[in-house]
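Peer 1: Got a structure for you, questions after.
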Amino acid sequence: MDVNIDITVSKAAADFGLKVLAGGKAVDNVIKDVYIGDLLSWVMGRCPESAAWITIQGHVNIVAVALLTGASCIIIAESADADPDTLEKAEAEGIPVLATELTSYQIARKFMLVQA
């Protein structure tokens, strides 16, 4: 399936009710795709560049994975907690971390409706 998403992290946050937890200086990153995954080794090999990566993981290693894949941001779904170390590292590395109470499917669907 070809995706045609072209939305900034800040616009997605505003339009979808996402809370920016860290990396606020990089909210101008452009999201061009969406990827859902929680197994970090799997995500490392499959998350597209410039994707909004949706996960329930909150430990510091998600920042390294986002850097390796070139993800535009990390969205932590289902009100899962982000470790303080994760937010500190994301801020230092310029990776936006956002949070939502929505499920991964629900937030991904919002992105898919943007392209419709």
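Laboratory data are not the source of any read-out in this text; all were calculated from the coordinates shown. All values reported here derive from a predicted model rather than from experimental measurement. For neighbour counting, all protein chains shown are included, and Cβ atoms are generated from backbone atoms with ideal geometry for every residue, glycine included.
Peer 1: Considering only residues that are more than 16 Å from Ile76 (Cβ to Cβ) and surrounded by fewer than 16 Cβ atoms within 10 Å (Cβ to Cβ), which ones fall in the stretch 9-31?
Peer 2: Lys11, Ala14, Asp15, Lys25, Asp28, Val30
Peer 1: Still on this structure, please answer the following. Looking only at residues in the stretch 98-116 that are touching a residue at least 60 places away in the same chain (Cβ under 8 Å) and among the hydroxyl-bearing types (Ser, Thr, Tyr), which one is farthest from Leu18 (Cα to Cα)?
Peer 2: Tyr105
Peer 1: The conditions are (1) over 17 Å from Ile5 (Cβ atoms); (2) surrounded by fewer than 24 Cβ atoms within 10 Å (Cβ to Cβ); (3) touching a residue at least 24 places away in the same chain (Cβ under 8 Å), and Gln57 fails exactly one of them. Which is it?
Peer 2: That leaves (3) as the condition not met.
Peer 1: Give me the pairs, please: first residue somewhere in the stretch 82-97 and at positive phi, second residue anywhere and of a type in the set (Lys, Arg), beta-carbon distance under 8 Å, and either six or more positions apart or on two chains.
Peer 2: Qualifying pairs under 8 Å: Gly94/Lys25.
Peer 1: In addition: Would you confirm whether any residue within the stretch 89-103 is in contact with a strand residue (DSSP E or B) (Cβ under 6 Å, 6 or more places away or on another chain), of a type in the set (D, E, K, R) and surrounded by fewer than 18 Cβ atoms within 10 Å (Cβ to Cβ)?
Peer 2: No: zero hits.
Peer 1: Collect the residues in the stretch 40-58 that are among the aliphatic types (A, V, I, L, M), touching a Phe, Trp or Tyr at 6+ places or on another chain (Cβ under 9 Å) and more than 17 Å from Gly23 (Cα to Cα), keeping them in residue-number order. Write out each step before concluding.
Peer 2: Filtering the stretch 40-58 for residues among the aliphatic types (A, V, I, L, M) gives 40, 43-44, 51-52, 54, 56.
Remaining after also requiring touching a Phe, Trp or Tyr at 6+ places or on another chain (Cβ under 9 Å): 43, 51-52, 54.
Selection gives Val43 alone.
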